[in-house]
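Only one structure is covered here, and it is reproduced in the block below.
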Amino acid sequence: MKERLSTLVEYRDLAPEVRHFVFEIEDADRLPFVPGQFVSVTERLHGRDVTRAYSIASPPDGRRFELCLNRVLNGLISPHLFTLKPGDKVRITEPNGYFLPRQPMDTSLFVATGTGIAPVRAILKHVLANGEQARMTLLFGVRHADGILYRDEFEQLAAMHPNFRFWPTLSRPEPGWQGRTGHVQGHLDEALEGSKAVDVYICGLKAMVDDVRRRLREKGFDRRRIVYEKYD
């Protein structure tokens, strides 16, 4: 696949060991992709090229694209990316991937944990900005309240769009937390409201994705209604 050179424009920390990066490609006036796709970052480390795939966390925006990733202990690429400063450059591939919104969109449930929220953010920001009226629910699971990535954004989207519901759930809630608790799997029935006429998009670590898929199969879901991506 063709490689592109991109420059880090800015970054901000979202949570402990989780960072949001804004990059800009150098050799074109736009980076074409479909929300939900990923880019692969390649770095020369210890005398060899190392490549890792990261979902794009933003809708198409000319030359810019955004990533959301956590620093992986003993990882290769993520610790290096956390050392980058604005102006530093990285090599990426052309966007690819199949974690894509159905066309036309139907009633949809997005189930994400941790940085699995990245492609979901790209999809939701894109479809809601373009006037999508299908009913959508985001069920987002993290351990602690400070790990609810992009919380302000999703709360604002829910306030602006009556067809969008944002349901964060904490597996290790602090005292005083008034929202949902436990793992995302425990809230599937509430989100589905007894219907199988729902497209379900699942993104996160393998154990969660596999468990949600199993539960949906047991409920009799058509596999074509299930779109998923695993992060490990």
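The values are calculated or read from the model by the stated rules, or taken from the named source; none is laboratory data. As the structure is a prediction and not an experimental result, all values here were calculated from the model. Here Cβ is always computed from backbone atoms with ideal geometry, including for glycine, and neighbour counts include all displayed protein chains. Note: areas computed on protein heavy atoms with side chains; ligands, DNA, RNA excluded. Shrake-Rupley method; radii C 1.70, N 1.55, O 1.52, S 1.80 Å.
Quick one: pull the percentage of alpha-carbon pairs in the chain with a separation above 30 Å. Numbers along the way, then the final one.
Details: 6533 of 26796 pairs.
Every Cα pair in the chain considered, those over 30 Å come to 24 percent.
Could you pull out every residue, at least 5 positions away or on a different chain, whose amide H is within less than 5 Å of the one on R143? Hs are placed 1.01 Å off N in the peptide plane, and Pro or chain starts have none.
S171
Relative to the longest principal axis of the C-alpha atoms of the chain, give the angle of the C-alpha long axis of helix 206-218, reported between 0 and 90° and rounded to the nearest 10°.
30 degrees
How long is the gain from R172 to H80 if the chain were fully straight, where each residue apart is worth 0.36 nm and the alpha carbon distance is subtracted? Can you show the working numbers first?
Working: separation 92, 0.36 × 92 = 33.12 nm, distance 2.97 nm.
So the extension gain works out to 30.2 nm.
Could you give the nm distance between label points at R12 and D232, where each point is 7 Å from its Cα heading toward the beta carbon?
That separation, rounded to one decimal, is 2.9 nm.
What distance in nm separates the simple spin-label points at H183 and N163, each placed 7 Å from Cα in the Cβ direction?
3.3 nm
Can you give me the % of accessible surface on the chain that is carbon or sulfur? Probe 1.4 Å, all protein chains present, nothing else counted. Could the numbers behind the result be given before it?
Working: 5470 of 11420 Å².
The computed percentage sits at 48.
For the chain, what does the accessible surface come to per residue with a 1.4 Å probe? Please give it in Å².
On the way: 11420 Å² over 232 residues.
Solvent-accessible surface per residue comes out at 49 Å².
Output ³J(HN,Hα) for the stretch 46-52: one whole-Hz value per residue in order, computed from phi by the Karplus curve 6.51 cos²θ - 1.76 cosθ + 1.60 with θ = phi - 60°, and x for Gly and Pro.
Coupling constants for the stretch 46-52: 6, x, 9, 7, 10, 10, 9 Hz.
Using +1 at the Cβ of each Lys and Arg and -1 at the Cβ of each Asp and Glu in the chain, identify which of T42, F65, A28 lies farthest towards the dipole's positive end.
My answer, from the dipole projection, is T42.
Taking the simple approach of a point 7 Å from Cα along Cα-to-Cβ for both R217 and A28, what is their distance in nm?
If labels sit at R217 and A28, their model points lie 3.7 nm apart.
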